[in-house]
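Asker: Before I ask anything, let me first share the structure, which is written out below as C-alpha coordinates.
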Amino acid sequence: MTTSMAPQTHLPEKKALNWAELGFSYQPTEYRFRAIHKDGHWSEGELITSDMISVHEGAPALHYAQQCFEGLKAQTAPDGRVLLFRPTLNAERMRQAAGRLLMPEVPEALFIRGVEEAVRANYAWIPPHGSGASLYIRPMLIGVGQNLGLKTAKEFEFRVFVSPVGPYYKSAGLAVISLAVSDLDRAAPSGTGNYKIGANYAGGLLATRMAQDLGANEALFLDARERRYIDEAGSANIVVAMKDGRFVTPASTAVLPSVTRRSIMTLAEQEMGLTIEHRAIDLRAEIANFEEVAACGTAAVISPVGRIYVDGQWHRFYGNGELAGPVMQKLYGLLVGIQRGELTDKNNWTHNVSL
Ligand code: PLP
Ligand code: COI
(Lines give C-alpha, C1' and ligand atoms only; values in the text may rest on other atoms or scores of the structure.)
(Ligands and ions follow the chains in the order given, each with its own letter.)
Protein backbone atom coordinates (compact mmCIF):
# COMPACT_ATOMS: atom_id res chain seq x y z
CA MET A 1 0.00 0.00 0.00
CA THR A 2 1.20 3.53 -0.68
CA THR A 3 2.27 5.16 2.54
CA SER A 4 2.48 8.80 3.41
CA MET A 5 1.50 11.20 6.12
CA ALA A 6 -2.18 11.48 6.83
CA PRO A 7 -3.66 14.80 5.65
CA GLN A 8 -2.91 17.81 7.82
CA THR A 9 -5.40 20.08 9.47
CA HIS A 10 -4.87 22.99 7.02
CA LEU A 11 -7.18 21.22 4.60
CA PRO A 12 -10.41 23.03 3.71
CA GLU A 13 -13.76 21.92 5.09
CA LYS A 14 -15.63 19.45 2.91
CA LYS A 15 -18.68 20.79 1.10
CA ALA A 16 -22.00 20.06 2.73
CA LEU A 17 -23.22 17.70 0.02
CA ASN A 18 -25.45 14.71 0.50
CA TRP A 19 -22.67 12.45 -0.83
CA ALA A 20 -24.68 9.25 -0.64
CA GLU A 21 -27.39 10.72 -2.87
CA LEU A 22 -25.09 11.77 -5.71
CA GLY A 23 -25.71 10.31 -9.14
CA PHE A 24 -23.38 10.46 -12.12
CA SER A 25 -23.90 14.04 -13.19
CA TYR A 26 -21.91 17.25 -13.48
CA GLN A 27 -21.47 19.07 -10.20
CA PRO A 28 -19.56 22.33 -10.64
CA THR A 29 -16.38 22.64 -8.57
CA GLU A 30 -14.09 25.63 -8.13
CA TYR A 31 -10.99 24.81 -10.16
CA ARG A 32 -9.90 23.12 -13.35
CA PHE A 33 -6.44 22.70 -14.88
CA ARG A 34 -5.59 23.99 -18.34
CA ALA A 35 -2.50 23.80 -20.54
CA ILE A 36 -2.20 25.03 -24.13
CA HIS A 37 -0.15 23.54 -26.94
CA LYS A 38 0.98 26.17 -29.43
CA ASP A 39 3.94 26.49 -31.82
CA GLY A 40 5.07 23.01 -30.89
CA HIS A 41 5.19 23.50 -27.12
CA TRP A 42 3.02 22.87 -24.10
CA SER A 43 2.50 25.75 -21.72
CA GLU A 44 3.31 25.14 -18.07
CA GLY A 45 -0.39 24.81 -17.27
CA GLU A 46 -2.45 26.55 -14.61
CA LEU A 47 -5.50 26.26 -12.44
CA ILE A 48 -8.41 28.39 -13.59
CA THR A 49 -11.89 28.98 -12.23
CA SER A 50 -14.03 29.36 -15.36
CA ASP A 51 -15.90 26.23 -16.38
CA MET A 52 -16.33 27.60 -19.90
CA ILE A 53 -14.05 27.13 -22.90
CA SER A 54 -14.12 29.80 -25.56
CA VAL A 55 -13.08 28.32 -28.91
CA HIS A 56 -13.11 29.54 -32.50
CA GLU A 57 -16.19 28.60 -34.51
CA GLY A 58 -13.93 26.69 -36.93
CA ALA A 59 -12.23 24.62 -34.20
CA PRO A 60 -11.47 21.08 -35.48
CA ALA A 61 -12.74 19.65 -32.19
CA LEU A 62 -16.21 20.99 -33.04
CA HIS A 63 -16.41 19.98 -36.70
CA TYR A 64 -14.21 16.97 -37.17
CA ALA A 65 -14.15 15.56 -33.63
CA GLN A 66 -10.44 16.11 -33.19
CA GLN A 67 -10.59 15.45 -29.49
CA CYS A 68 -10.05 12.72 -26.95
CA PHE A 69 -10.74 12.36 -23.24
CA GLU A 70 -10.11 10.20 -20.21
CA GLY A 71 -11.99 9.20 -17.10
CA LEU A 72 -10.58 8.22 -13.71
CA LYS A 73 -11.53 8.65 -10.08
CA ALA A 74 -10.02 9.89 -6.83
CA GLN A 75 -11.19 8.19 -3.65
CA THR A 76 -10.58 8.89 0.02
CA ALA A 77 -8.86 6.16 2.03
CA PRO A 78 -9.81 5.41 5.66
CA ASP A 79 -6.78 7.43 6.86
CA GLY A 80 -7.74 10.43 4.72
CA ARG A 81 -5.25 9.89 1.91
CA VAL A 82 -6.58 10.68 -1.57
CA LEU A 83 -5.94 7.88 -4.04
CA LEU A 84 -5.98 7.71 -7.83
CA PHE A 85 -6.18 4.32 -9.50
CA ARG A 86 -3.46 3.50 -12.07
CA PRO A 87 -3.44 7.02 -13.57
CA THR A 88 -0.40 6.32 -15.74
CA LEU A 89 -2.58 3.93 -17.78
CA ASN A 90 -4.98 6.79 -18.49
CA ALA A 91 -2.04 8.98 -19.44
CA GLU A 92 -0.78 6.29 -21.80
CA ARG A 93 -4.22 5.79 -23.36
CA MET A 94 -4.55 9.52 -23.97
CA ARG A 95 -1.14 9.57 -25.66
CA GLN A 96 -2.26 6.76 -27.94
CA ALA A 97 -5.50 8.57 -28.82
CA ALA A 98 -3.58 11.77 -29.50
CA GLY A 99 -1.27 9.95 -31.89
CA ARG A 100 -4.20 8.38 -33.73
CA LEU A 101 -5.87 11.76 -34.22
CA LEU A 102 -2.71 13.69 -35.11
CA MET A 103 -2.78 15.68 -31.91
CA PRO A 104 0.29 16.44 -29.76
CA GLU A 105 0.78 13.93 -26.95
CA VAL A 106 0.22 15.14 -23.42
CA PRO A 107 3.42 14.04 -21.67
CA GLU A 108 2.79 11.73 -18.71
CA ALA A 109 4.22 14.25 -16.25
CA LEU A 110 1.87 16.99 -17.49
CA PHE A 111 -1.10 14.62 -17.44
CA ILE A 112 -0.44 13.50 -13.87
CA ARG A 113 0.30 17.03 -12.67
CA GLY A 114 -2.90 18.32 -14.27
CA VAL A 115 -4.93 15.58 -12.60
CA GLU A 116 -3.24 16.06 -9.22
CA GLU A 117 -3.60 19.84 -9.28
CA ALA A 118 -7.28 19.66 -10.21
CA VAL A 119 -7.94 17.11 -7.45
CA ARG A 120 -5.95 18.94 -4.79
CA ALA A 121 -7.46 22.34 -5.60
CA ASN A 122 -10.95 20.86 -5.26
CA TYR A 123 -10.21 19.00 -2.04
CA ALA A 124 -13.48 20.19 -0.51
CA TRP A 125 -15.37 18.31 -3.22
CA ILE A 126 -13.67 14.93 -2.76
CA PRO A 127 -16.24 12.63 -1.18
CA PRO A 128 -15.20 11.38 2.27
CA HIS A 129 -14.35 7.77 2.95
CA GLY A 130 -17.40 5.63 3.53
CA SER A 131 -19.75 7.88 1.55
CA GLY A 132 -19.78 5.51 -1.41
CA ALA A 133 -19.10 8.45 -3.71
CA SER A 134 -15.89 9.44 -5.49
CA LEU A 135 -14.38 12.33 -7.39
CA TYR A 136 -14.64 11.70 -11.12
CA ILE A 137 -11.79 13.24 -13.11
CA ARG A 138 -12.25 14.12 -16.76
CA PRO A 139 -9.02 15.01 -18.62
CA MET A 140 -9.60 16.10 -22.20
CA LEU A 141 -7.55 17.19 -25.19
CA ILE A 142 -9.21 19.26 -27.90
CA GLY A 143 -8.13 20.78 -31.21
CA VAL A 144 -8.94 24.50 -31.08
CA GLY A 145 -8.20 27.57 -33.20
CA GLN A 146 -9.32 28.85 -36.57
CA ASN A 147 -9.86 26.27 -39.30
CA LEU A 148 -12.16 25.22 -42.13
CA GLY A 149 -10.74 22.35 -44.24
CA LEU A 150 -10.20 18.83 -42.95
CA LYS A 151 -6.85 19.24 -41.32
CA THR A 152 -5.33 19.08 -37.91
CA ALA A 153 -5.67 21.99 -35.49
CA LYS A 154 -2.74 24.28 -34.88
CA GLU A 155 -3.55 24.76 -31.21
CA PHE A 156 -4.73 22.36 -28.55
CA GLU A 157 -6.11 22.64 -25.06
CA PHE A 158 -5.54 20.02 -22.38
CA ARG A 159 -8.07 20.48 -19.61
CA VAL A 160 -8.88 18.52 -16.48
CA PHE A 161 -12.10 19.08 -14.59
CA VAL A 162 -13.53 17.10 -11.71
CA SER A 163 -16.97 16.37 -10.33
CA PRO A 164 -18.07 14.38 -7.29
CA VAL A 165 -20.18 11.44 -8.45
CA GLY A 166 -22.20 8.56 -7.17
CA PRO A 167 -23.05 5.38 -9.07
CA TYR A 168 -23.36 5.44 -12.87
CA TYR A 169 -26.39 3.18 -12.78
CA LYS A 170 -29.13 4.29 -10.47
CA SER A 171 -28.90 2.19 -7.33
CA ALA A 172 -25.74 2.25 -5.25
CA GLY A 173 -23.21 -0.56 -4.98
CA LEU A 174 -23.82 -3.62 -7.10
CA ALA A 175 -26.78 -2.60 -9.25
CA VAL A 176 -27.82 -5.40 -11.61
CA ILE A 177 -28.23 -3.96 -15.09
CA SER A 178 -29.45 -5.22 -18.45
CA LEU A 179 -28.11 -4.88 -21.99
CA ALA A 180 -29.71 -5.11 -25.43
CA VAL A 181 -27.68 -6.17 -28.46
CA SER A 182 -27.55 -3.19 -30.80
CA ASP A 183 -28.41 -3.32 -34.48
CA LEU A 184 -25.99 -0.44 -34.91
CA ASP A 185 -22.23 -0.84 -34.96
CA ARG A 186 -20.01 1.09 -32.60
CA ALA A 187 -16.59 0.70 -34.17
CA ALA A 188 -14.98 -0.93 -37.19
CA PRO A 189 -12.23 -3.54 -36.70
CA SER A 190 -9.51 -1.16 -37.90
CA GLY A 191 -11.33 2.01 -36.87
CA THR A 192 -11.04 4.01 -33.68
CA GLY A 193 -12.97 1.86 -31.19
CA ASN A 194 -9.87 1.19 -29.13
CA TYR A 195 -9.24 4.88 -28.50
CA LYS A 196 -11.12 7.01 -26.03
CA ILE A 197 -12.29 9.67 -28.46
CA GLY A 198 -15.56 11.55 -28.60
CA ALA A 199 -16.21 10.39 -32.17
CA ASN A 200 -16.95 6.89 -30.88
CA TYR A 201 -19.62 8.09 -28.48
CA ALA A 202 -21.86 10.39 -30.54
CA GLY A 203 -22.85 7.45 -32.73
CA GLY A 204 -23.63 5.43 -29.63
CA LEU A 205 -26.26 7.83 -28.31
CA LEU A 206 -28.96 6.48 -30.61
CA ALA A 207 -27.92 2.91 -29.85
CA THR A 208 -28.33 3.63 -26.13
CA ARG A 209 -31.73 5.19 -26.74
CA MET A 210 -32.84 2.13 -28.72
CA ALA A 211 -31.58 -0.21 -25.99
CA GLN A 212 -33.43 1.81 -23.36
CA ASP A 213 -36.60 1.65 -25.45
CA LEU A 214 -36.30 -2.12 -25.12
CA GLY A 215 -36.08 -1.79 -21.34
CA ALA A 216 -32.30 -2.23 -21.08
CA ASN A 217 -29.83 0.11 -19.41
CA GLU A 218 -27.34 0.11 -22.27
CA ALA A 219 -26.52 -1.16 -25.74
CA LEU A 220 -24.27 -4.17 -26.20
CA PHE A 221 -22.22 -3.91 -29.39
CA LEU A 222 -21.14 -6.90 -31.43
CA ASP A 223 -18.15 -6.90 -33.76
CA ALA A 224 -18.91 -4.88 -36.87
CA ARG A 225 -17.48 -7.42 -39.34
CA GLU A 226 -19.60 -10.46 -38.49
CA ARG A 227 -22.04 -9.15 -35.88
CA ARG A 228 -21.28 -12.25 -33.92
CA TYR A 229 -18.64 -11.65 -31.26
CA ILE A 230 -19.09 -9.45 -28.19
CA ASP A 231 -17.29 -6.12 -28.40
CA GLU A 232 -18.44 -4.01 -25.46
CA ALA A 233 -21.24 -1.96 -23.96
CA GLY A 234 -21.71 1.74 -24.68
CA SER A 235 -19.60 2.89 -21.77
CA ALA A 236 -17.97 -0.24 -20.38
CA ASN A 237 -16.08 -3.44 -21.25
CA ILE A 238 -17.63 -6.88 -20.68
CA VAL A 239 -16.41 -9.76 -18.52
CA VAL A 240 -18.05 -13.19 -18.28
CA ALA A 241 -17.77 -15.89 -15.63
CA MET A 242 -18.50 -19.06 -17.60
CA LYS A 243 -20.31 -22.09 -16.18
CA ASP A 244 -17.06 -24.07 -16.56
CA GLY A 245 -15.35 -21.67 -14.14
CA ARG A 246 -13.31 -19.73 -16.69
CA PHE A 247 -13.27 -15.98 -16.53
CA VAL A 248 -13.37 -14.49 -20.01
CA THR A 249 -13.22 -11.07 -21.64
CA PRO A 250 -13.58 -10.37 -25.36
CA ALA A 251 -10.45 -9.98 -27.47
CA SER A 252 -11.28 -7.34 -30.06
CA THR A 253 -9.36 -4.59 -31.80
CA ALA A 254 -12.45 -2.39 -31.57
CA VAL A 255 -12.93 -2.09 -27.80
CA LEU A 256 -11.46 0.37 -25.36
CA PRO A 257 -8.57 -1.10 -23.35
CA SER A 258 -10.36 -0.58 -20.05
CA VAL A 259 -8.18 0.03 -17.01
CA THR A 260 -10.89 -1.51 -14.83
CA ARG A 261 -11.15 -4.64 -16.96
CA ARG A 262 -7.38 -5.17 -17.04
CA SER A 263 -7.34 -4.85 -13.25
CA ILE A 264 -10.28 -7.22 -12.78
CA MET A 265 -8.64 -9.87 -14.96
CA THR A 266 -5.53 -9.67 -12.80
CA LEU A 267 -7.55 -9.92 -9.59
CA ALA A 268 -9.62 -12.84 -10.91
CA GLU A 269 -6.42 -14.79 -11.51
CA GLN A 270 -4.31 -13.57 -8.62
CA GLU A 271 -6.85 -13.44 -5.82
CA MET A 272 -9.49 -15.94 -6.91
CA GLY A 273 -7.38 -18.47 -8.79
CA LEU A 274 -9.67 -18.33 -11.82
CA THR A 275 -8.44 -19.32 -15.26
CA ILE A 276 -8.65 -16.14 -17.28
CA GLU A 277 -9.07 -15.94 -21.04
CA HIS A 278 -8.87 -13.00 -23.40
CA ARG A 279 -10.52 -14.31 -26.55
CA ALA A 280 -13.37 -13.74 -28.97
CA ILE A 281 -16.75 -14.58 -27.40
CA ASP A 282 -19.33 -15.83 -29.89
CA LEU A 283 -22.45 -14.45 -28.21
CA ARG A 284 -25.17 -16.70 -29.59
CA ALA A 285 -23.06 -19.86 -29.46
CA GLU A 286 -21.86 -19.28 -25.91
CA ILE A 287 -24.61 -17.42 -24.09
CA ALA A 288 -26.01 -20.63 -22.58
CA ASN A 289 -22.63 -21.07 -20.83
CA PHE A 290 -22.68 -17.64 -19.20
CA GLU A 291 -23.00 -17.96 -15.42
CA GLU A 292 -22.35 -14.32 -14.55
CA VAL A 293 -21.79 -11.30 -16.76
CA ALA A 294 -20.64 -7.81 -15.83
CA ALA A 295 -20.00 -4.45 -17.45
CA CYS A 296 -16.88 -2.77 -16.10
CA GLY A 297 -15.34 0.66 -16.29
CA THR A 298 -14.39 3.67 -14.22
CA ALA A 299 -17.97 4.96 -14.16
CA ALA A 300 -19.67 1.53 -14.20
CA VAL A 301 -17.15 -0.01 -11.71
CA ILE A 302 -18.38 -3.63 -11.87
CA SER A 303 -22.06 -3.71 -12.74
CA PRO A 304 -23.47 -7.24 -12.91
CA VAL A 305 -25.51 -7.80 -16.07
CA GLY A 306 -28.59 -9.82 -15.22
CA ARG A 307 -30.11 -10.02 -18.68
CA ILE A 308 -29.16 -9.53 -22.32
CA TYR A 309 -31.69 -9.03 -25.11
CA VAL A 310 -30.59 -10.94 -28.22
CA ASP A 311 -32.61 -11.53 -31.41
CA GLY A 312 -35.94 -10.70 -29.81
CA GLN A 313 -35.57 -12.48 -26.50
CA TRP A 314 -34.10 -11.95 -23.07
CA HIS A 315 -31.40 -14.30 -21.78
CA ARG A 316 -31.05 -14.33 -18.02
CA PHE A 317 -28.01 -15.18 -15.96
CA TYR A 318 -27.31 -15.70 -12.27
CA GLY A 319 -30.35 -15.56 -9.95
CA ASN A 320 -32.80 -15.33 -12.84
CA GLY A 321 -31.19 -12.07 -13.82
CA GLU A 322 -32.09 -10.35 -10.57
CA LEU A 323 -29.04 -10.89 -8.39
CA ALA A 324 -25.33 -10.15 -8.32
CA GLY A 325 -23.50 -13.49 -8.43
CA PRO A 326 -20.64 -14.48 -6.11
CA VAL A 327 -17.80 -14.01 -8.63
CA MET A 328 -18.75 -10.43 -9.51
CA GLN A 329 -19.50 -9.62 -5.87
CA LYS A 330 -16.09 -10.85 -4.82
CA LEU A 331 -14.33 -8.96 -7.62
CA TYR A 332 -16.26 -5.81 -6.80
CA GLY A 333 -15.16 -6.04 -3.18
CA LEU A 334 -11.53 -6.59 -4.14
CA LEU A 335 -11.40 -3.82 -6.74
CA VAL A 336 -13.22 -1.20 -4.72
CA GLY A 337 -11.35 -2.19 -1.55
CA ILE A 338 -8.03 -1.51 -3.28
CA GLN A 339 -9.26 1.69 -4.90
CA ARG A 340 -10.46 3.02 -1.53
CA GLY A 341 -7.29 2.03 0.28
CA GLU A 342 -9.08 -0.54 2.44
CA LEU A 343 -7.21 -3.59 1.13
CA THR A 344 -3.52 -4.18 0.64
CA ASP A 345 -2.48 -2.89 -2.74
CA LYS A 346 -0.13 -5.72 -3.73
CA ASN A 347 0.27 -4.49 -7.29
CA ASN A 348 0.99 -0.88 -6.40
CA TRP A 349 -1.99 0.36 -8.35
CA THR A 350 -2.98 3.28 -6.18
CA HIS A 351 -1.34 6.66 -6.52
CA ASN A 352 -1.34 8.96 -3.54
CA VAL A 353 -2.15 12.61 -4.28
CA SER A 354 -0.08 14.71 -1.86
CA LEU A 355 -2.35 17.21 -0.13
N1 PLP B 1 -15.45 1.07 -22.80
C2 PLP B 1 -15.94 2.28 -23.06
C3 PLP B 1 -16.60 2.50 -24.36
C4 PLP B 1 -15.82 3.30 -22.10
O5 PLP B 1 -16.30 4.51 -22.34
C6 PLP B 1 -15.19 3.03 -20.88
C7 PLP B 1 -15.04 4.07 -19.88
O8 PLP B 1 -14.01 4.62 -19.67
C9 PLP B 1 -14.70 1.75 -20.66
C10 PLP B 1 -14.86 0.78 -21.63
C11 PLP B 1 -14.01 1.40 -19.38
O12 PLP B 1 -12.69 1.87 -19.35
P13 PLP B 1 -12.00 2.22 -17.98
O14 PLP B 1 -12.08 1.00 -17.14
O15 PLP B 1 -10.59 2.54 -18.35
O16 PLP B 1 -12.72 3.36 -17.41
C1 COI C 1 -15.77 6.29 -17.79
O2 COI C 1 -16.15 5.23 -17.28
O3 COI C 1 -14.86 6.96 -17.28
C4 COI C 1 -16.37 6.83 -19.00
O5 COI C 1 -15.74 7.63 -19.62
C6 COI C 1 -17.68 6.42 -19.44
C7 COI C 1 -18.48 7.63 -19.85
C8 COI C 1 -19.34 7.32 -21.00
C9 COI C 1 -19.23 8.18 -18.70
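The values are calculated or read from the model by the stated rules, or taken from the named source; none is laboratory data. None of the values given here were measured: they were computed from a predicted structure. Cβ atoms come from the backbone with ideal geometry, glycine included; neighbour counts cover every protein chain shown.
Asker: Is it fair to say LEU184 is of a type outside the set (D, E, K, R), away from ligand 2 (no atom under 14 Å from the Cβ), touching a Leu at 6+ places or on another chain (Cβ under 8 Å) and part of a loop (DSSP other than H, G, I, E, B)?
Answerer: Yes: the conditions hold for LEU184.
Asker: Another question about this same structure. Can we say THR298 is of a type in the set (Ser, Thr, Tyr) and surrounded by fewer than 17 Cβ atoms within 10 Å (Cβ to Cβ)?
Answerer: no
Asker: Which of the residues spanning region 263-298 are of a type in the set (Asp, Glu) and within 16 Å of ligand 2 (Cβ to nearest atom)?
Answerer: Hits for region 263-298: nothing passes.
Asker: If you go through region 203-214 one residue at a time, do you hit one that is modelled with pLDDT of 95 or more, surrounded by 14 or more Cβ atoms within 10 Å (Cβ to Cβ) and either part of a loop (DSSP other than H, G, I, E, B) or not assigned by TED's automatic domain parsing to the domain that holds ASP311 (or both)?
Answerer: So far as region 203-214 goes, yes, one or more of its residues are modelled with pLDDT of 95 or more, surrounded by 14 or more Cβ atoms within 10 Å (Cβ to Cβ) and either part of a loop (DSSP other than H, G, I, E, B) or not assigned by TED's automatic domain parsing to the domain that holds ASP311 (or both).
Asker: Quick one: would you say ALA268 is among the small types (Gly, Ala, Ser), modelled with pLDDT of 95 or more, more than 16 Å from ligand 1 (Cβ to nearest atom) and assigned by TED's automatic domain parsing to the domain that holds LEU206?
Answerer: No.
Asker: Sticking with this structure for a sec: Out of the residues in region 231-261 that are in contact with a Phe, Trp or Tyr (Cβ under 8 Å, 6 or more places away or on another chain) and in a strand (DSSP E or B), which is nearest to ligand 1 (Cβ to nearest atom)?
Answerer: Taking the candidates together, the pick is GLU232.
Asker: Pairs only if they're at least six apart or on different chains, beta carbon under 8 angstrom, first in region 86-109 and in the same structural domain as ARG261 (by TED's automatic domain parsing), second within 15 Å of ligand 1 (Cβ to nearest atom) and modelled with pLDDT of 95 or more; list them, first residue then second.
Answerer: Taking only residues 6 or more apart or on different chains, not a single pair turns up.
Asker: Can you tell me how many residues within region 311-343 are under 16 Å from THR298 (Cβ atoms) and hydroxyl-bearing (Ser, Thr, Tyr)?
Answerer: The qualifying residues number 1.
Asker: Let me spell it out: the conditions are (1) under 22 Å from ILE230 (Cα atoms); (2) within 16 Å of ligand 1 (Cβ to nearest atom), and THR350 meets all of them except one. Which number is the exception?
Answerer: (1)
Asker: Among the candidates GLY145, GLY191, GLY132, which residue alone is within 30 Å of LYS15 (Cβ to Cβ) and surrounded by fewer than 19 Cβ atoms within 10 Å (Cβ to Cβ)?
Answerer: GLY132
Asker: Give me the pairs: first residue in region 57-70 and in a strand (DSSP E or B), second residue of a type in the set (Phe, Trp, Tyr) and within 16 Å of ligand 2 (Cβ to nearest atom), beta-carbon distance under 7 Å, and six or more apart or on different chains, which are they?
Answerer: Pairs found: CYS68/TYR195.
Asker: How many residues are crowded, with 17+ Cβ neighbours inside 10 Å and over 19 Å from ALA219 (Cβ atoms) when one looks only at region 303-328?
Answerer: Here the count works out to 5.
Yes or no, residue by residue, for (1) within 16 Å of ligand 1 (Cβ to nearest atom); (2) at pLDDT below 95; (3) among the small types (Gly, Ala, Ser):
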{"site": "SER134", "(1), (2), (3)": "yes, no, yes"}
{"site": "GLY143", "(1), (2), (3)": "no, no, yes"}
{"site": "LYS151", "(1), (2), (3)": "no, no, no"}
{"site": "GLU157", "(1), (2), (3)": "no, no, no"}
{"site": "VAL162", "(1), (2), (3)": "yes, no, no"}
{"site": "LYS170", "(1), (2), (3)": "no, yes, no"}
{"site": "GLY173", "(1), (2), (3)": "no, yes, yes"}
{"site": "SER182", "(1), (2), (3)": "yes, no, yes"}
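Asker: Taking region 219-266, which residues are among the small types (Gly, Ala, Ser) and within 18 Å of ASN200 (Cα to Cα)?
Answerer: The answer is ALA219, ALA224, ALA233, GLY234, SER235, ALA236, SER252, ALA254, SER258.
Asker: Which condition number does ALA35 fail, the rest of (1) within 16 Å of ligand 1 (Cβ to nearest atom); (2) assigned to a strand (DSSP E or B) being met?
Answerer: Answer for ALA35: the failing condition is (1).
Asker: Every residue in region 238-252 that is surrounded by 16 or more Cβ atoms within 10 Å (Cβ to Cβ) and not charged (D, E, K, R), please.
Answerer: Of everything in region 238-252, those that are surrounded by 16 or more Cβ atoms within 10 Å (Cβ to Cβ) and not charged (D, E, K, R) turn out to be ILE238, VAL239, VAL240, ALA241, MET242, PHE247, VAL248, THR249, PRO250, SER252.
Asker: How about region 81-121: which of its residues are assigned to a helix (DSSP H, G or I), β-branched (Val, Ile, Thr) and either touching a helix residue (DSSP H, G or I) at 6+ places or on another chain (Cβ under 8 Å) or surrounded by fewer than 20 Cβ atoms within 10 Å (Cβ to Cβ) (or both)?
Answerer: THR88, ILE112, VAL115
Asker: Looking only at residues that are surrounded by fewer than 23 Cβ atoms within 10 Å (Cβ to Cβ) and out of contact with any His (no Cβ under 9 Å at 6 or more places or on another chain) in region 60-71, which one is farthest from THR350 (Cα to Cα)?
Answerer: Filtering region 60-71 for residues that are surrounded by fewer than 23 Cβ atoms within 10 Å (Cβ to Cβ) and out of contact with any His (no Cβ under 9 Å at 6 or more places or on another chain), the one farthest from THR350 (Cα to Cα) comes out as HIS63.
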